[in-house]
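S.K.: Dropping a structure here in structure tokens format, bear with me for questions.
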Amino acid sequence: MADRPDAPQSDARAELAVEIVGLHKWYGDFHVLRDINLAVARGERIVICGPSGGGKSTLLRCINRLEDWQRGRIVVDGIELTDDPKHIVAVRRDVGMVFQHFNLFPHLTVLENCTLAPIWVRHMPKKDAEELAMSYLARVKIPEQAQKYPARLSGGQQQRVAIARALCMSPNIMLFDEPTSALDPEMVKEVLDTMVELASDGITMLVVSHEMGFARQVADRIIFMDDGQIVEINEPKSFFANPQHERTRLFLQQVLR
Amino acid sequence: MAAMTEKSYLRTAPAEHLPPPLEQAGLLRWARENLFSSPGNIVLTLVCIFFIGWTVPPLLRFFVFDAVWSGSDREACLASPQLPEPGACWAFVRVWYSYFIYGFYPIVERWRVDIFFAALAVGIGWLAWLSAPRRDIGAVYFFIVLPILSYVLLSGAPLLGLAVVPTAQWGGILVTIVVATVGIVVSLPLGILLALGRRSDIPVVKFFAVTFIEFVRGVPLITVLFMASVMLPLFVPERLSPDKLLRALVGVALFASAYMAEVVRGGLTAVPRGQYEAAQALGLPHWRMMAFVIMPQALRVTLPNIVNIFISLFKDTTLVFIVGIFDFLRTIEAARADPHWATPVTSVTGYAFAALFYFICCYGMSRYARGVETRLARAHLR
């Protein structure tokens, strides 16, 4: 279905992985995103932080069109996101997403979770899809759990399955929406380690997170969002050492205490 | 004070892993825990024992010990010196049972009905046995081969040398099974489509689904059947108007679909938003997302309700008698009026037989659904 000749193809030569221009979004009367402009280069790793309710997750979810917006435009991998379902599906095939609450499919085994999209979206033969899934499960270090159902796994393991599931679609861009916020403290590290390993691969990453240690370690740029706006963008060193805005400074005092 | 607290509450060595306290196995313990655990329970237990003692022996006496099992007419079931208080007249059921099964279906053609029953049993067994081989072929057989085969067998096909049997001659368990099976098999997919329609973003689809569901739900089944059989001929010329049984079938199936739609919709709302989002984020197009991610979860939580509708549909088939179709219950009604068998216990026996048949079918469905539920629950925790 998505392989029709007139379906838009992602343009790997496009210089920008994500381009957001003049984005505005309202929930009813509430102006949740205000004039967002952002260009993410291919292979760039970006961490978005800021107080809750600041629009971080909403912005991330606009990039694969889980959220609608009212004004502005978003271009992902050379495909402009319009109302055209073909464009939306094309972008989603190309962008992997990891959710705060994992959102694994509880009625499918770990392996089936990973092979569902390759089989039904990429039309891959079942055997190839399973091989691919096993290789990614091995990469997130849980190949032995492949035949289990998600409910039998710990939170950290579930989140790693979710990462493997997204990677099975061979995305160019990965979105992480607070991937460690729902985890018990001792499981945060195993997920962050997986993400660090992924970052060294050169995949484009946008991560909404409060894990400042992770941001310092892997981010090329850190974005601070508050009140629906991008308040500050900077590289990690300057961001932590020398925040430009009062609000950033206050936030960092809170989280780094 | 503080020192004392530390001494008494902090442990100095790790606690050992101990086996759970030994079960004092035995009937006595079970009875004490389950039947006599509190004054209220003791009273309830005694009341139940009394009730069982009060009802079960007379029922057993009537239906088993004093029942008449053979005989050729009413004389056998009347009070006699040997049997001053005769019980159920099973002889009546034995004489009439082929009428209960086939109605007025011509006797020489009844082997066709038997083949239909066998073919249906194979289909149900194939699909109901969850680890049966090649269930995909089973589904093709059940949903495509079986309906065609049944139609040819039951209605007849002069080309194949099968005499035509008009549906007016069908009756008994045959009609009950046909109506119930068609109702069940049609209502589930149609109900799913209606539920999806009701949640659709397309206004026309949504409007149609809502109108249909609310209209059908707002009308008693009897009315639907009446409209199908009495009003339809007023608008359609007699020559073109469909068969009476077919009209009743459509009425029952549509009626059940409307209820099924609401049950399935309930299941759909129980699937968390995150499941939709995860499926969308993977790029699954709408229908595949529904088929592989949302529907399996929705149907799973709603399985008890679906079976509930199947059971009530099975019993509602008795209402088709109102448009002159001889279902199982109607054949018993007709038979119990037979003057050859006019005894004080004939009616009771006939109705008891009907109750037994409906109970076995409905309880069977219920047990099977329970089995599937536990199996699904276990599988998800493997």
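S.K.: Of everything in segment A:119-129, what is within 9 Å of another protein chain (Cβ to nearest Cβ) and touching a helix residue (DSSP H, G or I) at 6+ places or on another chain (Cβ under 7 Å)? Give them in sequence order.
M.R.: A:W120, A:V121
S.K.: Right, here's the next one. Would you point out which residue out of B:R199, B:R247, B:R273 is more than 22 Å from B:I309 (Cβ to Cβ) and basic (K, R)? Let's see the steps before the verdict.
M.R.: On the way: B:R199 fails: more than 22 Å from B:I309 (Cβ to Cβ); B:R247 fails: more than 22 Å from B:I309 (Cβ to Cβ).
B:R273 is the lone residue from the list that is more than 22 Å from B:I309 (Cβ to Cβ) and basic (K, R).
S.K.: Considering only segment A:12-41, how many residues are basic (K, R), surrounded by 14 or more Cβ atoms within 10 Å (Cβ to Cβ) and more than 14 Å from A:R61 (Cα to Cα)?
M.R.: As a first pass, look at segment A:12-41 and keep what is basic (K, R): A:13, A:25, A:34.
After this cut, where a residue has to be surrounded by 14 or more Cβ atoms within 10 Å (Cβ to Cβ) as well, the list is A:25, A:34.
Keeping just the survivors that are more than 14 Å from A:R61 (Cα to Cα) gives A:34.
Final tally of qualifying residues: 1.
S.K.: I need a count of the residues in segment A:70-107 that are more than 20 Å from A:F176 (Cα to Cα), more than 9 Å from chain B (Cβ to nearest Cβ) and out of contact with any His (no Cβ under 7 Å at 6 or more places or on another chain).
M.R.: Within segment A:70-107, residues that are more than 20 Å from A:F176 (Cα to Cα), more than 9 Å from chain B (Cβ to nearest Cβ) and out of contact with any His (no Cβ under 7 Å at 6 or more places or on another chain) number 7.
S.K.: Can I ask one more? Would you tally the residues in segment A:56-69 being touching a helix residue (DSSP H, G or I) at 6+ places or on another chain (Cβ under 7 Å) and either surrounded by fewer than 21 Cβ atoms within 10 Å (Cβ to Cβ) or away from chain B (no Cβ under 13 Å) (or both)?
M.R.: Here the count works out to 2.
Yes or no, residue by residue, for (1) modelled with pLDDT of 85 or more; (2) under 30 Å from B:C77 (Cβ atoms):
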residue	(1), (2)
B:M4	no, no
B:Y9	no, no
B:E23	no, no
B:W30	no, no
B:E33	no, no
B:N41	yes, no
B:F51	yes, yes
B:P58	yes, yes
B:R61	yes, yes
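S.K.: So which of B:A281, B:A258, B:A298, B:A228 ends up being buried (at least 17 other Cβ atoms within 10 Å of the Cβ), in contact with a Lys or Arg (Cβ under 7 Å, 6 or more places away or on another chain) and either on the phi > 0 side of the Ramachandran plot or within 14 Å of chain A (Cβ to nearest Cβ) (or both)?
M.R.: Working: B:A258 fails: either on the phi > 0 side of the Ramachandran plot or within 14 Å of chain A (Cβ to nearest Cβ) (or both); B:A298 fails: in contact with a Lys or Arg (Cβ under 7 Å, 6 or more places away or on another chain); B:A228 fails: either on the phi > 0 side of the Ramachandran plot or within 14 Å of chain A (Cβ to nearest Cβ) (or both).
Just a single option satisfies the conditions, and that option is B:A281.
S.K.: Output yes when any residue across segment A:148-171 is more than 13 Å from chain B (Cβ to nearest Cβ), assigned to a loop (DSSP other than H, G, I, E, B), buried (at least 19 other Cβ atoms within 10 Å of the Cβ) and touching a Ser or Thr at 6+ places or on another chain (Cβ under 9 Å), and no when none is. I'd like the intermediate steps shown before the answer.
M.R.: So in segment A:148-171, the residues more than 13 Å from chain B (Cβ to nearest Cβ) come out as A:154-157, A:160.
Of the ones still in play, those that are also assigned to a loop (DSSP other than H, G, I, E, B) are A:154.
Now drop any that are not buried (at least 19 other Cβ atoms within 10 Å of the Cβ), which leaves none.
Taking every residue of segment A:148-171 in turn, none turns out to be more than 13 Å from chain B (Cβ to nearest Cβ), assigned to a loop (DSSP other than H, G, I, E, B), buried (at least 19 other Cβ atoms within 10 Å of the Cβ) and touching a Ser or Thr at 6+ places or on another chain (Cβ under 9 Å).
S.K.: Can you tell me which of B:A270, B:A291, B:A248 is surrounded by fewer than 18 Cβ atoms within 10 Å (Cβ to Cβ) and either charged (D, E, K, R) or more than 10 Å from chain A (Cβ to nearest Cβ) (or both)? Steps first, answer last, please.
M.R.: Details: B:A291 fails: either charged (D, E, K, R) or more than 10 Å from chain A (Cβ to nearest Cβ) (or both); B:A248 fails: surrounded by fewer than 18 Cβ atoms within 10 Å (Cβ to Cβ).
Answer to the selection: B:A270.
So that you can scan it fast, the table gives a plain yes or no per residue for (1) in contact (Cβ under 8 Å) with a residue 24 or more places away in the chain; (2) in contact with a Gly (Cβ under 8 Å, 6 or more places away or on another chain):
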{"position": "A:E178", "(1), (2)": "yes, no"}
{"position": "A:S181", "(1), (2)": "yes, no"}
{"position": "A:M187", "(1), (2)": "yes, yes"}
{"position": "A:E190", "(1), (2)": "yes, yes"}
{"position": "A:S200", "(1), (2)": "no, no"}
{"position": "A:H210", "(1), (2)": "yes, no"}
{"position": "A:A219", "(1), (2)": "yes, no"}
{"position": "A:F240", "(1), (2)": "yes, no"}
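S.K.: Would it be correct to say that B:P106 is touching a Cys at 6+ places or on another chain (Cβ under 6 Å) and touching a residue at least 40 places away in the same chain (Cβ under 8 Å)?
M.R.: no
S.K.: Counting only residues that are within 27 Å of the chain's Cα centre (by Cα) and loosely packed, with under 15 Cβ neighbours inside 10 Å, give me the helices (runs of 4 or more DSSP H) lying completely in segment B:70-183 with at least 3 of them. Quick ask: steps written out before the conclusion?
M.R.: Numbers: elements: B:90-102, B:110-128, B:135-140, B:146-155.
Once the helices (runs of 4 or more DSSP H) in segment B:70-183 are filtered for at least 3 residues that are within 27 Å of the chain's Cα centre (by Cα) and loosely packed, with under 15 Cβ neighbours inside 10 Å, what remains is B:110-128, B:135-140, B:146-155.
S.K.: Restricting segment A:172-200 to residues that are of a type outside the set (D, E), more than 13 Å from the chain's Cα centre (by Cα) and not in a helix (DSSP H, G or I), which is nearest to A:V91 (Cα to Cα)? Lay out the reasoning, then the answer.
M.R.: Within segment A:172-200, the first condition is being of a type outside the set (D, E), and the residues that meet it are A:172-176, A:179-183, A:185, A:187-189, A:191-192, A:194-196, A:198-200.
Going one step further and asking which of them are more than 13 Å from the chain's Cα centre (by Cα), we end up with A:181-183, A:185, A:187-189, A:191-192, A:194, A:196, A:200.
From the residues that got through so far, the ones that are not in a helix (DSSP H, G or I) too are A:181-183, A:200.
Details: A:S181: 26, A:A182: 27, A:L183: 29, A:S200: 23 Å.
Ranking the candidates gives A:S200 first.
S.K.: In segment B:184-233, what residues are more than 29 Å from B:C361 (Cβ to Cβ), among the hydroxyl-bearing types (S, T, Y) and in a helix (DSSP H, G or I)?
M.R.: B:T211
S.K.: Still on this structure, I have one more. Here is a check on your reading of the model: is B:R378 more than 14 Å from chain A (Cβ to nearest Cβ), at negative phi and among the charged types (D, E, K, R)?
M.R.: Working: more than 14 Å from chain A (Cβ to nearest Cβ): no; at negative phi: yes; among the charged types (D, E, K, R): yes.
The answer is no for B:R378.
S.K.: If B:F321 satisfies every condition in (1) away from chain A (no Cβ under 14 Å); (2) farther than 25 Å from B:Q169 by Cα; (3) touching a strand residue (DSSP E or B) at 6+ places or on another chain (Cβ under 8 Å) but one, which is the exception?
M.R.: If we test B:F321 against (1) away from chain A (no Cβ under 14 Å); (2) farther than 25 Å from B:Q169 by Cα; (3) touching a strand residue (DSSP E or B) at 6+ places or on another chain (Cβ under 8 Å), just (2) comes out false.
The values are calculated or read from the model by the stated rules, or taken from the named source; none is laboratory data. Keep in mind that what you see is a predicted model, and the values were worked out from it rather than measured. Don't worry about glycine lacking a Cβ; one is built from the backbone with ideal geometry, like all the others, and counts go over all protein chains shown.
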